[in-house]
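The values are calculated or read from the model by the stated rules, or taken from the named source; none is laboratory data. Small disclaimer: the values here were computed from a predicted structure and weren't measured. All Cβ positions, glycine included, derive from the backbone under ideal geometry; neighbour counts span all protein chains shown. Note: areas computed on protein heavy atoms with side chains; ligands, DNA, RNA excluded. Shrake-Rupley method; radii C 1.70, N 1.55, O 1.52, S 1.80 Å.
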Amino acid sequence: NGFLKLNKEKRLMLITTITILALVVFASVLQFNYKIPSPITIMSIVMMFMLFDVKLIKINSSEFDNLVLLTLPILIAADAMKLKWEEIKKNGISLFWVAVIGILAFVGLGVLINDYVLINYPLSIAAVTLLFCMLAATDPVTVSSVFSNFKVPHRLKILTEGESLFNDAAALIVFAIALVALNNPDAVDAEFITTKTLSVVFGALGVGAVIGYLTTKSLRISQEALVEATILMLGTYISYWVAEHFHFSGILAVIVTVLIANNEIQKQLKNDDVQISSADESKNFVLLKYAITNKDNHQTILKSFDFICMFAASILFASIASVADFQKMWDYKTEIIALFIASTVIRGLVMLKFALVSNSVERMQSVKKHWWSVLTFAGSKGALSILMVHMIPNGFEYKEMFEHVVIGNIILSTFIYAFILGIIFIKNKDKFKQECEEEAHH
(Lines give C-alpha, C1' and ligand atoms only; values in the text may rest on other atoms or scores of the structure.)
Protein backbone atom coordinates (compact mmCIF):
# COMPACT_ATOMS: atom_id res chain seq x y z
CA ASN A 1 0.00 0.00 0.00
CA GLY A 2 2.90 2.34 0.74
CA PHE A 3 4.15 1.96 -2.81
CA LEU A 4 0.74 2.66 -4.28
CA LYS A 5 0.50 5.94 -2.32
CA LEU A 6 3.53 7.32 -4.18
CA ASN A 7 2.67 9.48 -7.16
CA LYS A 8 3.89 8.57 -10.64
CA GLU A 9 6.95 10.84 -10.52
CA LYS A 10 8.14 9.46 -7.17
CA ARG A 11 7.59 5.87 -8.27
CA LEU A 12 9.61 6.55 -11.42
CA MET A 13 12.46 8.06 -9.38
CA LEU A 14 12.50 5.06 -7.04
CA ILE A 15 12.45 2.55 -9.90
CA THR A 16 15.23 4.45 -11.69
CA THR A 17 17.40 4.37 -8.56
CA ILE A 18 16.86 0.63 -8.15
CA THR A 19 17.62 0.07 -11.82
CA ILE A 20 20.89 2.03 -11.69
CA LEU A 21 22.04 0.22 -8.54
CA ALA A 22 21.28 -3.12 -10.16
CA LEU A 23 23.21 -2.09 -13.28
CA VAL A 24 26.18 -0.98 -11.18
CA VAL A 25 26.30 -4.31 -9.33
CA PHE A 26 25.86 -6.44 -12.46
CA ALA A 27 28.41 -4.45 -14.50
CA SER A 28 30.95 -4.52 -11.66
CA VAL A 29 30.61 -8.29 -11.25
CA LEU A 30 31.09 -8.84 -14.99
CA GLN A 31 34.15 -6.61 -15.04
CA PHE A 32 35.72 -8.33 -12.04
CA ASN A 33 35.03 -11.90 -13.22
CA TYR A 34 35.05 -11.62 -17.02
CA LYS A 35 37.08 -8.43 -17.65
CA ILE A 36 34.20 -6.75 -19.54
CA PRO A 37 34.45 -2.95 -19.05
CA SER A 38 31.47 -1.76 -17.00
CA PRO A 39 30.47 1.09 -19.39
CA ILE A 40 30.01 -1.47 -22.17
CA THR A 41 27.78 -3.67 -20.00
CA ILE A 42 25.65 -0.75 -18.83
CA MET A 43 25.17 0.77 -22.28
CA SER A 44 24.49 -2.63 -23.84
CA ILE A 45 21.73 -3.49 -21.36
CA VAL A 46 20.04 -0.09 -21.63
CA MET A 47 20.14 -0.10 -25.45
CA MET A 48 18.96 -3.71 -25.63
CA PHE A 49 15.85 -2.82 -23.63
CA MET A 50 15.32 0.25 -25.82
CA LEU A 51 15.16 -1.98 -28.90
CA PHE A 52 12.07 -3.50 -27.31
CA ASP A 53 10.65 -0.03 -26.54
CA VAL A 54 11.48 -0.32 -22.85
CA LYS A 55 13.31 2.69 -21.38
CA LEU A 56 15.07 1.70 -18.17
CA ILE A 57 15.91 5.35 -17.55
CA LYS A 58 13.70 8.18 -18.76
CA ILE A 59 15.61 11.42 -19.11
CA ASN A 60 15.28 14.52 -21.31
CA SER A 61 17.98 16.88 -22.59
CA SER A 62 17.62 19.37 -19.74
CA GLU A 63 17.76 16.65 -17.09
CA PHE A 64 20.78 15.12 -18.81
CA ASP A 65 22.65 18.46 -18.74
CA ASN A 66 21.88 18.86 -15.03
CA LEU A 67 23.10 15.33 -14.41
CA VAL A 68 26.38 16.01 -16.21
CA LEU A 69 26.92 19.24 -14.28
CA LEU A 70 26.21 17.37 -11.04
CA THR A 71 28.64 14.52 -11.71
CA LEU A 72 31.37 16.20 -13.80
CA PRO A 73 33.24 17.96 -10.94
CA ILE A 74 33.49 14.82 -8.82
CA LEU A 75 34.63 12.71 -11.81
CA ILE A 76 37.30 15.29 -12.65
CA ALA A 77 38.36 15.45 -9.00
CA ALA A 78 38.68 11.66 -8.74
CA ASP A 79 40.99 11.59 -11.76
CA ALA A 80 43.04 14.50 -10.42
CA MET A 81 43.45 12.66 -7.08
CA LYS A 82 45.36 9.93 -8.93
CA LEU A 83 48.03 12.38 -10.12
CA LYS A 84 50.80 13.79 -7.96
CA TRP A 85 52.21 17.27 -8.39
CA GLU A 86 55.71 15.83 -8.93
CA GLU A 87 54.36 13.75 -11.82
CA ILE A 88 52.66 16.78 -13.35
CA LYS A 89 55.92 18.78 -13.21
CA LYS A 90 57.99 15.90 -14.55
CA ASN A 91 55.60 15.22 -17.44
CA GLY A 92 54.37 18.79 -17.91
CA ILE A 93 55.65 19.22 -21.46
CA SER A 94 54.23 15.87 -22.57
CA LEU A 95 50.85 16.57 -20.96
CA PHE A 96 50.73 20.05 -22.52
CA TRP A 97 51.44 18.47 -25.90
CA VAL A 98 48.77 15.74 -25.76
CA ALA A 99 46.12 17.91 -24.09
CA VAL A 100 46.56 21.41 -25.53
CA ILE A 101 48.59 21.15 -28.73
CA GLY A 102 46.82 17.87 -29.42
CA ILE A 103 43.39 19.52 -29.23
CA LEU A 104 44.44 22.39 -31.49
CA ALA A 105 45.99 19.98 -34.00
CA PHE A 106 42.94 17.69 -33.89
CA VAL A 107 40.50 20.55 -34.51
CA GLY A 108 42.76 22.12 -37.12
CA LEU A 109 43.01 18.91 -39.12
CA GLY A 110 39.26 18.44 -38.75
CA VAL A 111 38.62 21.86 -40.29
CA LEU A 112 41.00 21.06 -43.17
CA ILE A 113 39.42 17.74 -44.13
CA ASN A 114 35.78 18.39 -43.25
CA ASP A 115 34.77 19.14 -46.86
CA TYR A 116 35.78 15.55 -47.67
CA VAL A 117 33.97 14.08 -44.66
CA LEU A 118 30.63 15.93 -44.47
CA ILE A 119 30.29 16.57 -48.17
CA ASN A 120 26.65 17.67 -48.21
CA TYR A 121 26.88 20.15 -45.33
CA PRO A 122 28.05 23.73 -46.02
CA LEU A 123 29.40 24.30 -42.51
CA SER A 124 31.27 27.42 -41.46
CA ILE A 125 34.72 27.17 -39.88
CA ALA A 126 33.15 27.98 -36.51
CA ALA A 127 30.60 25.16 -36.88
CA VAL A 128 33.26 22.63 -37.89
CA THR A 129 35.39 23.73 -34.94
CA LEU A 130 32.45 23.13 -32.60
CA LEU A 131 31.91 19.66 -34.05
CA PHE A 132 35.53 18.55 -33.78
CA CYS A 133 35.87 19.98 -30.26
CA MET A 134 33.06 17.65 -29.23
CA LEU A 135 34.79 14.74 -30.97
CA ALA A 136 38.13 15.63 -29.37
CA ALA A 137 36.91 15.71 -25.75
CA THR A 138 37.81 12.39 -24.14
CA ASP A 139 36.27 10.42 -21.29
CA PRO A 140 38.59 8.43 -18.99
CA VAL A 141 36.02 6.02 -17.55
CA THR A 142 36.02 3.43 -20.35
CA VAL A 143 39.81 3.54 -20.69
CA SER A 144 40.26 3.17 -16.91
CA SER A 145 37.91 0.18 -16.98
CA VAL A 146 40.05 -1.47 -19.67
CA PHE A 147 43.29 -0.55 -17.86
CA SER A 148 42.03 -2.20 -14.66
CA ASN A 149 42.07 -5.57 -16.45
CA PHE A 150 45.76 -5.43 -17.39
CA LYS A 151 49.17 -4.48 -16.07
CA VAL A 152 49.82 -0.97 -17.39
CA PRO A 153 53.07 1.00 -16.88
CA HIS A 154 52.54 3.92 -14.52
CA ARG A 155 54.13 6.36 -16.98
CA LEU A 156 51.59 5.41 -19.63
CA LYS A 157 48.76 5.85 -17.11
CA ILE A 158 50.03 9.37 -16.35
CA LEU A 159 49.85 10.29 -20.04
CA THR A 160 46.34 8.90 -20.58
CA GLU A 161 44.86 10.12 -17.29
CA GLY A 162 46.59 13.50 -17.56
CA GLU A 163 45.36 13.93 -21.11
CA SER A 164 41.77 13.13 -20.16
CA LEU A 165 41.90 15.83 -17.47
CA PHE A 166 43.51 18.71 -19.33
CA ASN A 167 42.06 17.67 -22.69
CA ASP A 168 38.49 18.44 -21.54
CA ALA A 169 39.48 21.87 -20.25
CA ALA A 170 41.28 22.74 -23.51
CA ALA A 171 38.43 21.44 -25.69
CA LEU A 172 35.87 23.51 -23.75
CA ILE A 173 37.93 26.70 -24.11
CA VAL A 174 38.22 26.28 -27.88
CA PHE A 175 34.54 25.33 -28.01
CA ALA A 176 33.52 28.51 -26.13
CA ILE A 177 35.47 30.71 -28.55
CA ALA A 178 33.99 28.91 -31.57
CA LEU A 179 30.50 29.30 -30.07
CA VAL A 180 30.98 33.08 -29.96
CA ALA A 181 32.21 32.97 -33.56
CA LEU A 182 29.14 30.98 -34.61
CA ASN A 183 26.79 33.64 -33.23
CA ASN A 184 28.89 36.71 -33.98
CA PRO A 185 31.80 36.04 -36.37
CA ASP A 186 32.95 39.67 -36.40
CA ALA A 187 33.55 39.62 -32.64
CA VAL A 188 36.26 36.97 -32.86
CA ASP A 189 39.74 38.16 -33.79
CA ALA A 190 43.28 37.51 -32.53
CA GLU A 191 42.86 39.97 -29.65
CA PHE A 192 39.57 38.40 -28.54
CA ILE A 193 40.98 34.86 -28.69
CA THR A 194 44.09 35.87 -26.71
CA THR A 195 42.15 37.84 -24.08
CA LYS A 196 39.46 35.18 -23.69
CA THR A 197 41.96 32.33 -23.39
CA LEU A 198 44.17 34.11 -20.87
CA SER A 199 41.23 35.21 -18.72
CA VAL A 200 39.63 31.74 -18.74
CA VAL A 201 42.90 29.96 -17.95
CA PHE A 202 44.43 32.33 -15.38
CA GLY A 203 41.06 33.02 -13.79
CA ALA A 204 40.59 29.27 -13.29
CA LEU A 205 44.14 28.92 -11.94
CA GLY A 206 43.47 31.72 -9.44
CA VAL A 207 40.15 30.29 -8.28
CA GLY A 208 41.61 26.80 -8.03
CA ALA A 209 44.61 28.04 -6.04
CA VAL A 210 42.48 29.97 -3.52
CA ILE A 211 39.87 27.21 -3.05
CA GLY A 212 42.61 24.59 -2.94
CA TYR A 213 44.40 26.49 -0.16
CA LEU A 214 41.15 26.93 1.82
CA THR A 215 40.26 23.27 1.30
CA THR A 216 43.67 22.23 2.61
CA LYS A 217 43.22 24.35 5.73
CA SER A 218 39.69 23.00 6.21
CA LEU A 219 40.98 19.42 6.28
CA ARG A 220 42.39 20.16 9.74
CA ILE A 221 38.87 20.54 11.12
CA SER A 222 38.40 16.81 11.50
CA GLN A 223 40.40 13.61 11.79
CA GLU A 224 37.49 11.55 10.46
CA ALA A 225 38.17 10.09 7.01
CA LEU A 226 34.61 10.49 5.67
CA VAL A 227 34.45 14.09 6.88
CA GLU A 228 37.77 14.79 5.15
CA ALA A 229 36.44 13.21 1.95
CA THR A 230 33.34 15.41 2.18
CA ILE A 231 35.49 18.53 2.66
CA LEU A 232 37.44 17.66 -0.50
CA MET A 233 34.20 17.16 -2.43
CA LEU A 234 32.83 20.44 -1.08
CA GLY A 235 35.97 22.26 -2.19
CA THR A 236 35.65 20.62 -5.61
CA TYR A 237 32.10 21.85 -6.18
CA ILE A 238 32.75 25.34 -4.78
CA SER A 239 35.76 25.68 -7.07
CA TYR A 240 33.73 24.60 -10.10
CA TRP A 241 30.80 26.89 -9.23
CA VAL A 242 32.94 30.00 -8.57
CA ALA A 243 34.97 29.51 -11.77
CA GLU A 244 31.90 29.00 -13.94
CA HIS A 245 30.17 31.98 -12.27
CA PHE A 246 32.96 34.25 -13.51
CA HIS A 247 33.07 32.48 -16.91
CA PHE A 248 36.40 30.78 -16.22
CA SER A 249 37.17 27.11 -16.81
CA GLY A 250 35.42 25.15 -14.08
CA ILE A 251 37.22 21.94 -15.04
CA LEU A 252 40.66 23.57 -14.80
CA ALA A 253 39.73 25.16 -11.45
CA VAL A 254 38.73 21.76 -10.07
CA ILE A 255 41.98 20.19 -11.28
CA VAL A 256 44.06 22.91 -9.58
CA THR A 257 42.03 22.71 -6.36
CA VAL A 258 42.46 18.95 -6.08
CA LEU A 259 46.14 19.02 -7.07
CA ILE A 260 46.91 21.59 -4.37
CA ALA A 261 44.95 19.71 -1.70
CA ASN A 262 46.37 16.35 -2.78
CA ASN A 263 49.91 17.75 -2.81
CA GLU A 264 49.49 18.89 0.79
CA ILE A 265 48.10 15.47 1.70
CA GLN A 266 51.08 13.74 0.10
CA LYS A 267 53.45 15.98 2.06
CA GLN A 268 51.63 15.05 5.25
CA LEU A 269 51.91 11.36 4.41
CA LYS A 270 55.65 11.73 3.88
CA ASN A 271 55.89 13.43 7.27
CA ASP A 272 53.92 10.54 8.71
CA ASP A 273 56.51 8.10 7.33
CA VAL A 274 59.20 10.00 9.22
CA GLN A 275 57.01 10.02 12.33
CA ILE A 276 56.39 6.29 12.03
CA SER A 277 60.12 5.61 11.82
CA SER A 278 60.80 7.92 14.75
CA ALA A 279 57.97 6.44 16.78
CA ASP A 280 59.12 2.90 16.10
CA GLU A 281 62.66 3.70 17.20
CA SER A 282 61.58 5.56 20.37
CA LYS A 283 58.70 3.16 21.12
CA ASN A 284 56.33 6.17 21.16
CA PHE A 285 53.18 4.22 20.36
CA VAL A 286 50.90 7.29 20.63
CA LEU A 287 52.75 8.97 17.77
CA LEU A 288 52.84 5.73 15.83
CA LYS A 289 49.08 5.26 16.13
CA TYR A 290 48.42 8.86 15.02
CA ALA A 291 50.53 8.47 11.86
CA ILE A 292 48.95 5.18 10.80
CA THR A 293 45.45 6.61 11.25
CA ASN A 294 46.27 9.41 8.79
CA LYS A 295 47.35 6.86 6.20
CA ASP A 296 44.16 4.91 6.74
CA ASN A 297 42.17 8.12 6.31
CA HIS A 298 43.78 8.76 2.94
CA GLN A 299 42.91 5.28 1.70
CA THR A 300 39.33 5.74 2.89
CA ILE A 301 39.13 9.08 1.06
CA LEU A 302 40.32 7.47 -2.18
CA LYS A 303 37.84 4.61 -1.80
CA SER A 304 35.03 7.09 -1.10
CA PHE A 305 35.83 8.96 -4.29
CA ASP A 306 36.05 5.71 -6.25
CA PHE A 307 32.64 4.55 -5.00
CA ILE A 308 30.91 7.83 -5.80
CA CYS A 309 32.58 7.98 -9.22
CA MET A 310 31.59 4.41 -10.01
CA PHE A 311 27.97 5.28 -9.26
CA ALA A 312 28.13 8.64 -11.10
CA ALA A 313 29.79 7.14 -14.18
CA SER A 314 27.21 4.36 -14.31
CA ILE A 315 24.39 6.91 -14.24
CA LEU A 316 26.05 8.88 -17.05
CA PHE A 317 26.61 5.90 -19.35
CA ALA A 318 23.08 4.64 -18.73
CA SER A 319 21.77 8.14 -19.49
CA ILE A 320 23.84 8.40 -22.68
CA ALA A 321 22.32 5.17 -23.93
CA SER A 322 18.87 6.41 -22.89
CA VAL A 323 19.06 9.67 -24.87
CA ALA A 324 20.09 7.83 -28.03
CA ASP A 325 17.47 7.88 -30.78
CA PHE A 326 18.19 4.82 -32.93
CA GLN A 327 15.99 5.96 -35.81
CA LYS A 328 17.71 9.35 -36.02
CA MET A 329 21.12 7.74 -35.66
CA TRP A 330 20.27 5.41 -38.52
CA ASP A 331 19.25 8.42 -40.62
CA TYR A 332 22.69 9.95 -39.95
CA LYS A 333 24.62 6.66 -40.16
CA THR A 334 26.82 7.89 -43.04
CA GLU A 335 27.83 11.03 -41.16
CA ILE A 336 28.42 9.08 -37.93
CA ILE A 337 30.68 6.50 -39.57
CA ALA A 338 32.53 9.09 -41.67
CA LEU A 339 33.30 11.25 -38.64
CA PHE A 340 34.23 8.23 -36.51
CA ILE A 341 36.78 7.09 -39.07
CA ALA A 342 38.06 10.64 -39.64
CA SER A 343 38.40 11.42 -35.93
CA THR A 344 40.18 8.11 -35.28
CA VAL A 345 42.66 8.70 -38.10
CA ILE A 346 43.25 12.30 -36.96
CA ARG A 347 43.85 11.21 -33.37
CA GLY A 348 46.25 8.54 -34.57
CA LEU A 349 48.20 11.12 -36.57
CA VAL A 350 48.27 13.60 -33.68
CA MET A 351 49.55 10.91 -31.30
CA LEU A 352 52.08 9.74 -33.89
CA LYS A 353 53.45 13.27 -34.12
CA PHE A 354 53.56 13.41 -30.32
CA ALA A 355 55.48 10.12 -30.24
CA LEU A 356 58.02 11.37 -32.80
CA VAL A 357 58.52 14.67 -30.96
CA SER A 358 58.70 13.07 -27.51
CA ASN A 359 61.32 10.56 -28.63
CA SER A 360 63.57 13.39 -29.82
CA VAL A 361 63.11 15.75 -26.84
CA GLU A 362 64.97 14.77 -23.69
CA ARG A 363 62.52 16.38 -21.24
CA MET A 364 59.51 14.57 -22.70
CA GLN A 365 58.30 11.07 -21.92
CA SER A 366 59.45 8.71 -24.68
CA VAL A 367 56.58 6.93 -26.43
CA LYS A 368 57.09 3.43 -27.78
CA LYS A 369 55.18 1.98 -30.71
CA HIS A 370 52.77 -0.03 -28.55
CA TRP A 371 52.25 3.03 -26.34
CA TRP A 372 51.28 5.06 -29.41
CA SER A 373 48.58 2.54 -30.29
CA VAL A 374 47.20 2.74 -26.72
CA LEU A 375 47.20 6.55 -26.78
CA THR A 376 45.39 6.50 -30.13
CA PHE A 377 42.52 4.35 -28.87
CA ALA A 378 42.39 5.93 -25.40
CA GLY A 379 40.20 8.66 -26.87
CA SER A 380 36.72 7.40 -26.04
CA LYS A 381 34.09 10.15 -25.98
CA GLY A 382 31.70 10.78 -23.11
CA ALA A 383 28.89 12.82 -21.59
CA LEU A 384 30.77 16.12 -21.81
CA SER A 385 30.45 15.98 -25.60
CA ILE A 386 26.65 15.81 -25.34
CA LEU A 387 26.63 18.70 -22.86
CA MET A 388 28.60 20.73 -25.41
CA VAL A 389 26.02 19.92 -28.10
CA HIS A 390 23.24 21.22 -25.89
CA MET A 391 25.12 24.50 -25.47
CA ILE A 392 24.67 25.23 -29.18
CA PRO A 393 21.69 27.55 -29.86
CA ASN A 394 18.50 25.82 -30.99
CA GLY A 395 18.38 28.07 -34.03
CA PHE A 396 21.52 26.46 -35.47
CA GLU A 397 20.45 24.60 -38.61
CA TYR A 398 22.54 21.47 -38.07
CA LYS A 399 22.15 21.05 -34.30
CA GLU A 400 20.07 17.87 -34.66
CA MET A 401 22.71 16.32 -36.92
CA PHE A 402 25.49 17.33 -34.52
CA GLU A 403 23.68 15.78 -31.55
CA HIS A 404 23.05 12.40 -33.12
CA VAL A 405 26.48 12.26 -34.73
CA VAL A 406 28.12 12.95 -31.36
CA ILE A 407 26.02 10.34 -29.54
CA GLY A 408 26.77 7.84 -32.31
CA ASN A 409 30.50 8.50 -31.97
CA ILE A 410 30.32 8.13 -28.17
CA ILE A 411 28.72 4.71 -28.56
CA LEU A 412 31.09 3.57 -31.31
CA SER A 413 34.21 4.75 -29.47
CA THR A 414 33.08 3.15 -26.21
CA PHE A 415 32.62 -0.28 -27.78
CA ILE A 416 35.21 -0.31 -30.58
CA TYR A 417 38.05 1.48 -28.80
CA ALA A 418 37.65 -0.69 -25.69
CA PHE A 419 37.77 -3.83 -27.85
CA ILE A 420 40.88 -2.66 -29.73
CA LEU A 421 42.61 -1.62 -26.48
CA GLY A 422 41.97 -5.10 -25.10
CA ILE A 423 43.60 -6.67 -28.18
CA ILE A 424 46.59 -4.30 -27.92
CA PHE A 425 47.16 -5.22 -24.26
CA ILE A 426 46.81 -8.95 -24.91
CA LYS A 427 49.15 -8.81 -27.90
CA ASN A 428 51.78 -6.79 -26.02
CA LYS A 429 51.27 -8.25 -22.53
CA ASP A 430 54.91 -9.37 -22.24
CA LYS A 431 56.18 -5.89 -23.10
CA PHE A 432 53.83 -4.21 -20.63
CA LYS A 433 54.73 -6.74 -17.93
CA GLN A 434 58.44 -6.12 -18.43
CA GLU A 435 57.90 -2.32 -18.30
CA CYS A 436 55.93 -2.64 -15.07
CA GLU A 437 58.71 -4.74 -13.53
CA GLU A 438 61.34 -2.18 -14.59
CA GLU A 439 59.29 0.59 -12.96
CA ALA A 440 59.01 -1.47 -9.77
CA HIS A 441 62.79 -1.86 -9.62
CA HIS A 442 63.29 1.88 -10.01
Checklist entry - aspartates and glutamates near residue 55 by alpha-carbon distance under 18 Å, same-chain residues fewer than 8 away left out - which ones? => result 9, 63, 325
Item to check | Using θ = phi - 60° and Karplus 6.51 cos²θ - 1.76 cosθ + 1.60, couplings along the range 237-253 (whole Hz; Gly, Pro as x) | outcome: 6, 5, 4, 5, 5, 4, 4, 5, 4, 9, 6, 9, 7, x, 5, 5, 4
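May I ask which of 89/303; 295/431; 295/427; 35/368; 196/381; 8/333 have a Cα-Cα span longer than 31 Å here? It would help to have the intermediate numbers written out before the result.
Details: 89/303 26 Å; 295/431 33 Å; 295/427 38 Å; 35/368 25 Å; 196/381 26 Å; 8/333 36 Å.
Distance filter (> 31 Å) returns 295/431; 295/427; 8/333.
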Checklist outcome for this item: Helix 102-117 sits off the longest principal axis of the Cα atoms of the chain, rounded to the nearest 10 on a 0 to 90 degree scale, by 20
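Given a 1.4 Å probe, how much area per residue of the range 300-436 is accessible, in Å²? Don't jump to the answer; show the numbers that get you there.
On the way: 5890 Å² over 137 residues.
On a per-residue basis, the range 300-436 sits at 43 Å².
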Checklist entry - How long is the chain along each principal axis, judged by its Cα atoms, biggest number first, in Å? => result 78, 70, 48
Item to check | For residue 83, distant residues with modelled amide H under 5 Å away | outcome: none
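If exposed means no more than 16 neighbouring beta carbons inside 10 Å and the site is in a DSSP loop, what's the longest run of the chain without any exposed trypsin sites (Lys or Arg not before Pro)? List each step's numbers first, then the result.
Values: sites that count: 35, 55, 58, 84, 151, 283, 363, 368.
Of all site-free stretches, the longest is 152-282.
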Next on the checklist: Over the range 91-178, what is the relative contact order in percent, taking alpha-carbon pairs closer than 8 angstrom and at least six residues apart?
Outcome noted: 48
Item to check | Distance from the range 86-106 to the range 317-355 (C-alpha centre basis), Å | outcome: 23
Checklist outcome for this item: Expressed per residue, the solvent accessible area of the range 69-166 in Å² (1.4 Å probe) is about 38
Checklist entry - Once phi is turned into ³J(HN,Hα) by the Karplus curve 6.51 cos²θ - 1.76 cosθ + 1.60 with θ = phi - 60°, what whole-Hz value does each residue of the range 408-420 show in order, with x for glycine and proline? => result x, 6, 4, 5, 4, 5, 4, 7, 6, 4, 4, 5, 5
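Counting Lys and Arg as +1 and Asp and Glu as -1, what is the net charge of the other residues whose Cβ lies under 13 Å from the Cβ of residue 326?
0
Share of the chain's accessible area from carbon and sulfur, percent, 1.4 Å? The partial results should precede the final answer.
Numbers: 14070 of 21790 Å².
Ligands and nucleic acids excluded, carbon and sulfur give 65 percent.
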Next on the checklist: What does the C-alpha gyration tensor say about the overall shape of the range 140-236? Classify as rounded when a/c is under 1.5, otherwise prolate if a/b is larger than b/c, or oblate.
Outcome noted: oblate
Item to check | List 417, 398, 116, ordered by accessible area with a 1.4 Å probe, largest first | outcome: 116, 398, 417
Item to check | For the range 181-191, 3J(HN,Hα) per residue [Karplus equation, 6.51 cos²θ - 1.76 cosθ + 1.60, θ = phi - 60°, Hz, x = Gly/Pro] | outcome: 5, 5, 7, 8, x, 5, 7, 9, 9, 4, 5
